[in-house]
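This report refers to the structure that appears directly beneath it.
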Amino acid sequence: MEHNYREGSFMKIAVVGIGVAGAYLMNRLSDARDVRVTGFERMPEADHDAVCAWATSKNVMTGLAKKCGLNFEDYILHYGKHMMIDIGDSKKNAIDVPLKGMVNYDKLGLIKDMIRGTKIEFGRTPRKESLEGEFDMIVDSTGFHRNYLPKLRNQMCIPCVQYKVKYKADQTPYDDFYLKAFPSMTGYFWYFPLGNGYAHIGAGDFERKQNNTFVEQFLRKYQCDIIKKTGRPVRISPPLYCEPFTDGGKSVGVGESIGTVYSLLGEGIIPATWCAELFIKHMHDLDAYRESVIKKFEIYVLVYKFIQLKITGKFNIMKHWSELLRIYKHMKNEEDRYGMVVRIVDMMKISKI
Ligand SMILES: Cc1cc2nc3c(=O)[nH]c(=O)nc-3n(C[C@H](O)[C@H](O)[C@H](O)COP(=O)(O)OP(=O)(O)OC[C@H]3O[C@@H](n4cnc5c(N)ncnc54)[C@H](O)[C@@H]3O)c2cc1C
């Protein structure tokens, strides 16, 4: 589908959902000569939040923030050195992953600065029909919700619960990133430091068994002040299985609404922003947009199949060795992008969980 606009005319775009993808689009499109963009966010401005653990790789985010005229370093709350991944019940069963660029950052602060000066209506979930009357294109950047696109039948989502907490000085349970993997890789518990005694702790579990029990045990074990409790599912089906990306009319999906989450890590900040970048490049040719998204996130299909095999108990190291090796090679080649040192021995251990 191609959109052609005459010289001097402009395209009216509604960006619905001001998360990481929507905010990036608002920033980049607000300056475009041939576009008039209006954002809509269902949360009222005073309650605007970014429900997420806020971990990412600064090696990639630095460039993306720069495109918005912002300095990513200004938002970093914690520089990771090591990530401990607990794969059993004892320290012997822990993987110590050296980090090289993984940080926790003020995601909401960066979003707010990205959208500064742009036109956004907060506290609004506009009806599709009313937007269609006013806009040439409707971007669905509503993440998990995907309200403006056809419903998906066979998607996989992981329900998550998360607390923002504060520990007294010297009482933090860990001083760096910590993960506890659940059996059969149905999900994991996380503890991500936010600096000054603050942390995000939470869990996502496909089976819904571990979420509350594990998090509540942890909260009881390590006394803290609870600042906020949030939760939402994360979509882990890759873009290939989140088609269609459009409704055949004016709506088009960007970000997690079309499955841009790296399922092995439940990581969606960088992929959603990349997806927004692809949209900017191809917004006048949605077939090209579709192709570029499928290609960019091709490896996500393999990773997703691996997760499915693990969850269903069908993974067999002998039978699926070449798939595991391909995932390892991909991540090894992109250590900076993932912000961590990737080792085959760790991958092997993870595949046995
Ligand atoms: C608990 C949790 C922890 C996570 N931790 C990490 C992490 O540490 N690192 C990482 O990289 N990824 C993480 N992820 C994944 C990551 O947060 C998402 O994949 C990413 O934020 C997706 O960006 P997005 O802009 O596509 O959607 P979102 O960030 O989900 O933004 C969607 C926005 O749309 C708004 N909205 C929804 N429906 C409507 C509507 N009808 N009208 C108007 N507005 C609407 C929402 O309020 C929200 O502001 C986590 C996810 C969860 C659930």
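Coordinate-derived values only; no laboratory data. Not measured: the values here are computed from a predicted model. Because the Cβ atoms are built from the backbone with ideal geometry, glycine has one as well, and the counts that use them run over all protein chains shown.
Structure above, values below:
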| item | result |
| --- | --- |
| Using θ = phi - 60° and Karplus 6.51 cos²θ - 1.76 cosθ + 1.60, couplings along the stretch 255-271 (whole Hz; Gly, Pro as x) | x, 4, 4, 10, x, 7, 10, 7, 5, 4, 10, x, 10, x, 5, 5, x |
| Kirkwood hydrodynamic radius over Cα pairs of the stretch 50-93, then Stokes diffusion coefficient at 10 °C and 1.306 mPa s, in µm²/s | 123 µm²/s |
| Relative contact order of the chain, defined on C-alpha pairs under 8 angstrom at six or more residues apart (%) | 21 percent |
| Shape box of the stretch 79-146 [Cα atoms, principal axes, largest first, Å] | 61, 27, 20 |
| The chain - charge dipole about Cα centre, Lys and Arg +1 at Cβ, Asp and Glu -1, debye rounded to 20 | 920 debye |
| Spatial extent of the chain: Rg and Dmax, with the Cα atoms as the point set, Å | 20.3, 66 |
| Inter-probe distance in nm under a simple model that places probes 7 Å from Cα toward Cβ, at E73 and D136 | 4.0 nm |
| Low-density loop positions, chymotrypsin sites (Phe, Trp or Tyr not before Pro), the stretch 173-262 - DSSP coil, at most 16 other Cβ in 10 Å | Y174, Y222 |
| Calculated from backbone phi, Karplus (6.51, -1.76, 1.60) coupling profile of the stretch 113-127 in Hz, x at Gly/Pro | 6, 5, 9, 4, x, 9, 9, 10, 9, 8, x, 10, 10, x, 6 |
| Calculated [θ] (222 nm, deg cm²/dmol) that DSSP helices of n ≥ 4 give over the chain, each run adding -39,500 (n - 2.57) | -9500 deg cm²/dmol |
| Given charges at Cβ of Lys, Arg, Asp, Glu: the chain dipole, positive-most of I299, Y188, H284 | Y188 |
| Extension reserve of the I280-K228 stretch, reckoned as 0.36 nm per residue once the Cα distance is removed | 15.3 nm |
| Average Cα contact separation per residue, the stretch 202-287, under 8 Å, 6 or more apart, as relative contact order % | 19 percent |
| Of P233, G202, L219, farthest towards positive along the dipole that unit charges on Lys, Arg, Asp, Glu beta carbons give the stretch 193-328 | L219 |
